[in-house]
Amino acid sequence: MSLTNVPVDRMTVTFRSKKIEDDTDLAALGITENSPIVLIGSSLPVVHAPTEQVVFLEDLTELEKKKAGLEIVPAGLQNLGNTCYFNAVIQSLKAIPELSGALKKHSESHPETPTALSNVIFQTFQSLQNSTSFIVPAPLLSTFLTAHAQFAQRTPQGQPMQQDAEECFTELITDLKSVEILPIAEQDMITRSAFPPSNIVEQLFQGKFEHRMTNQELTEGQVEPQTVSAETFLELECVIENETHYMNEGISLALTGQLSKYSDVLGRDCLYKTEKKIAVLPPILVVHFKRFYWKKKEALAHWDSHRVKIGKNVNFPFFFDSFEFCTDSVQKELIPVRDQKKEERDQMANAAKLELEKKLDETPSEMLKDKEEDLEKSKPTEWFVERAPKRPSTGYYELFAIVAHQGRSADGGHYIAYIKKRKNLWYEMNDANTYPRTDEDIKKLSGQADRPCAYLTFYRACEQIEIE
């Protein structure tokens, strides 16, 4: 023991592969002077079985991973041949917990149709949630292409053709109109005009316009009442022209215009001014940047008519205020709530200032305790929610997902989704690959020649708005 530091009870002594016990006759073994005797044993501490159960990384909850300082990286979708448009839209839709919740309830209540598109979408969402790398969306893509053969077109060489992400989004949510609504909040039961929605798409995405048309050719003494009608929408358009530098400007262009139609008063076709105002705000607001348009053959030197991309820089906000686009009656409803929220925001700012001054005087141990308390309060967002979102009460919206197009060609290029995880952390969902991105990276999606440009932006109604 004094030579090797190996405890006696952990020693094994052998001679010519034979173990020497306490009662072994050494003479019978033939041991002589200078015979090599082997000592086997370790002086290291004995390793005992863990007293606490081993927990593997994949078994941790999101909050436990957050406490351990581990980031949860979302899974990607493999490209199955120019299917980036499809992958980007699916990733953006998965970022809506209420849609996942509705699909979950629908799937559970309709087990007899496991291959229905709505059920296969939910199965794909589940696989994405449980995967640590990427998944192959072959069942979902096959189901979608079967229902929509126009997306299965191929080039003369037999390769799948690139498709339009906005058209894919429109077809997908149209298909989801068979999915039932989520339970409506009690305070929303009395909301006018929009309720009751008949399906989850109307409940989440549908808003209403008040559409007014005014005759511009009336002379003094001639009277023609404004034509007022209502129409629903599932997305707002952002028209991109030379004077369009911000998303709000493009939306204004889309909501106002002129058209020619017959006037009963004047007995001829007249020019009418058209104006749309939002009469009902949706919980999820999708803005479609009109980056593609058809260019006729006569305007092209060497090509047939084809779609052209507008790469112009159009800035979009992280927080969107819809107030200016709403009808007067909706604005009157929003103002008291907005004033109340502004007062609350000012109070929170003052409280945060006092809290910061207090923390400057804290000891390291007190700061660590505060950090742990903040983690406990910061609950992770569930990937599915089985209740309807509240109706928008302030007109404020927060950006949470983007489908961007990269490339100069409208019929080619590449689509990428960007999903917000939390403040200043986004994930670029580039088919099977996932990369963390910052707010500054997202701002660069406003539009440049060969960089990804925002094509669809997804906003969620919120009560407060941050000044950018």
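Bear in mind that the values in this text are calculations on the coordinates, not laboratory data. Bear in mind the structure is a predicted one, so any value in this text is a computation, not a measurement. Cβ placement follows ideal geometry from the backbone for every residue including glycine, while neighbour counts extend to all protein chains displayed.
Results, tabulated for the structure shown:
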read-out: Mean separation of Cα contacts under 8 Å, 6 or more apart, over the residue count of the chain: relative contact order %; value: 19
read-out: Theoretical gain in end-to-end length, Asp450 to Ser178 [0.36 nm per residue, Cα-Cα removed]; value: 94.0 nm
read-out: Sorted by Cβ density within 10 Å, fewest first, the residues Tyr396, Tyr272, Tyr246, Tyr455; value: Tyr246, Tyr272, Tyr396, Tyr455
read-out: Cβ crowding within 10 Å averaged over residues, with 125-133, 215-223, 107-115 ranked highest first; value: 125-133, 107-115, 215-223
read-out: ³J(HN,Hα) computed for each position of the range 243-251 - Karplus, 6.51 cos²θ - 1.76 cosθ + 1.60, integer Hz, glycine/proline x; value: 8, 8, 10, 10, 4, 4, 5, x, 5
read-out: Flagged links, alpha-carbon separation over 25 Å, of Lys353/Lys444; Lys309/Lys444; Lys104/Lys420; Lys420/Lys444; value: Lys353/Lys444
read-out: Most to least packed among 313-323, 95-105 [average Cβ atoms within 10 Å]; value: 95-105, 313-323
read-out: Using alpha-carbon coordinates, inclination of helix 364-377 to the longest axis of the chain, degrees; value: 60
read-out: Tilt relative to the chain, helix 84-94 - C-alpha long axis, 0 to 90 degrees, to 10; value: 80
read-out: Within the chain: Cβ-based charge dipole about Cα centre, in debye rounded to nearest 20 (Lys, Arg +1; Asp, Glu -1); value: 1140
read-out: Folded to 0 to 90 degrees: helix 138-147 orientation relative to the chain principal axis, Cα; value: 20
read-out: Protection-proxy order for peptides 415-428, 150-163, each taking the mean of Cβ atoms within 10 Å per residue, highest first; value: 415-428, 150-163
read-out: Label zone at Ser329 (point 7 Å along Cα-to-Cβ), backbone N below 15 Å, the range 207-226; value: 208-212
read-out: Which listed pairs, of Lys208/Lys273; Lys273/Lys332; Lys208/Lys421; Lys94/Lys177, have C-alpha distances above 21 Å, in listed order; value: Lys273/Lys332; Lys208/Lys421
read-out: Environment charge at Ser263 (Cβ cut-off 15 Å; Lys +1, Arg +1, Asp -1, Glu -1); value: -1
read-out: Extension gain, Glu224 back to Ser17 (0.36 nm per residue minus Cα-Cα distance, nm); value: 63.2 nm
read-out: Space enclosed by the convex hull of the alpha-carbon atoms of the chain, per residue, Å³; value: 309
read-out: The range 391-397 - phi-based ³J(HN,Hα) in whole Hz, Karplus 6.51/-1.76/1.60, Gly and Pro as x; value: 5, x, 10, 10, x, 8, 9
